[in-house]
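So the structure is just underneath, and the comments pick up after that.
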Amino acid sequence: HQWHLSKINTYNAWDITTGGSCVVIGILDSGIDWEHEDIGTGSDSYQNIYLNPGEDAWSDVNDPTTGNGIDDDGNGFIDDWKGWNYVDNSNDSRSSNYHGTFVGGIVSAKTNNEIGIAGIAGGNNNTGVRLLPHCIGVTAPDGSILDDAIIDAVDVGVKVIQLSLEVAPSSAIDEAIQYAIENQVIV
């Protein structure tokens, strides 16, 4: 049986859904520029970035240093309102490498806003799937922290973990992926 892929396209999927805010996807990459207007808050009133409900919002939504300095949700990460930077061990999940932003945009750039691209599940002039940004490397991914990022993403409640990377295999990464699978998370 031969599939006719030319008949399967994004528009058919968008007839079913454009992405719902109840779905969170972990983007484990070089971080995401959550100030980008096609992903974060732009001229519209919504963003497709996951905001940790267990943490107090930063007083300036685009300045991670304006958090309250407390690990409100007790997960070991202080002020991780918009993801975590495992490289710098900080709550600023952005970096100078835009690969993660590109990947996040493909998944959930806002749809029908006449800016940039339309993400696969970016919503339709409303919130699409939300992205949990975890920076696991700037110039290259760091396999020694990938397992921690996978486990944290699962514990946050993501439905999917997106990995666009190559690292050396390790038992720690294998165990983290198994943990994701056991918790019904697609990797």
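The values are calculated or read from the model by the stated rules, or taken from the named source; none is laboratory data. Every value quoted in this text rests on a predicted model; they were computed, and no experiment measured them. Note: ideal-geometry Cβ built from the backbone for every residue, glycine included; neighbour counts use all protein chains shown. Side chains included, ligands, DNA and RNA excluded: accessible areas come from the protein's heavy atoms. Shrake-Rupley method; radii C 1.70, N 1.55, O 1.52, S 1.80 Å.
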* **the range 138-187: number of residues that are β-branched (Val, Ile, Thr), touching a helix residue (DSSP H, G or I) at 6+ places or on another chain (Cβ under 6 Å) and under 17 Å from residue 83 (Cβ atoms)** => 5
* Find all pairs meeting these conditions: Cβ atoms under 6 angstrom apart; at least six residues apart or on different chains; first residue within the range 18-46 and under 12 Å from residue 104 (Cα atoms); second residue open to solvent by less than 10 Å² (accessible area, probe 1.4 Å) and of a type in the set (D, E, K, R). => 34/82; 38/110
* **Selected residue [more than 28 Å from residue 121 (Cα to Cα) and open to solvent by less than 60 Å² (accessible area, probe 1.4 Å)] from 92, 71, 79** => 71
* Structure fact -> Considering the range 98-115, residues that are of a type in the set (S, T, N, Q) and crowded, with 17+ Cβ neighbours inside 10 Å, and then whichever is nearest to residue 136 (Cα to Cα), we arrive at 101
* All positions within the range 81-118 that are in contact with an Asp or Glu (Cβ under 6 Å, 6 or more places away or on another chain), in a loop (DSSP other than H, G, I, E, B) and more than 27 Å from residue 14 (Cβ to Cβ) -> 81, 91, 94
* Asked: Does the range 168-186 contain any residue that is assigned to a loop (DSSP other than H, G, I, E, B) and within 17 Å of the chain's Cα centre (by Cα)?
  -> yes
* Would you pick out the residues in the range 146-176 that are charged (D, E, K, R) and either open to solvent by less than 50 Å² (accessible area, probe 1.4 Å) or touching a strand residue (DSSP E or B) at 6+ places or on another chain (Cβ under 6 Å) (or both)? -> 147, 152
* Some residue of the range 116-139 being surrounded by fewer than 17 Cβ atoms within 10 Å (Cβ to Cβ) and either touching a Cys at 6+ places or on another chain (Cβ under 7 Å) or on the phi > 0 side of the Ramachandran plot (or both) -> yes
